[in-house]
Amino acid sequence: IYTEFLDAGGTGVHHVCYWCNLDAARAHFGAAGSAEVQGGVVRGLEFLYMEGFAGFPYIEFIDQTPTHRERYRRIADAAANWDGRDPVRGRMA
């Protein structure tokens, strides 16, 4: 969905992301008429993209699991005192 967005001339915000229970998000937004457009599991972390509302092309949902909480805690710890030097690109923390 990233390539399609850019190929269609998309600019600005591509999606907003919510950290939530995927089953609840799927049911709630599906009932509101939002279709699933992409989903999967990366490194054991499940995600889902659905059609967006209010000017956002897509809404991303990420399953809130202990593994995911730990991953974001490590990212926050690494960013807490970062001085802007030596950025890491092309891999996730």
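Along its first, second and third principal axes, ordered by size, the chain spans 43, 34, 22 Å in Cα coordinates. Across the chain, the longest piece that holds none of the trypsin sites (Lys or Arg not before Pro) lying in DSSP loops with up to 12 other C-beta atoms within 10 Å covers 1-42.
Secondary-structure-derived ellipticity at 222 nm for the chain, considering helices only, amounts to -10000 deg cm²/dmol, per-run term -39500 (n - 2.57) for DSSP H runs with n ≥ 4. Average accessible surface for the stretch 1-82: 65 Å² per residue, computed with a 1.4 Å probe over protein heavy atoms with every protein chain in place. Among the protein heavy atoms of the chain, carbon and sulfur supply 55% of the accessible surface, probe 1.4 Å, non-protein parts ignored. Extent along the principal axes, Cα only, for the stretch 1-42: 32, 26, 15 Å, with the longest axis given first.
The values are calculated or read from the model by the stated rules, or taken from the named source; none is laboratory data. Because the structure is a prediction, the values reported are computed rather than measured. As a convention, Cβ positions derive from the backbone with ideal geometry for all residues, glycine included, and neighbour counts pool all protein chains shown. What goes into the accessible areas is simple: the full protein's heavy atoms, side chains included, and nothing from ligands, DNA or RNA. Shrake-Rupley method; radii C 1.70, N 1.55, O 1.52, S 1.80 Å.
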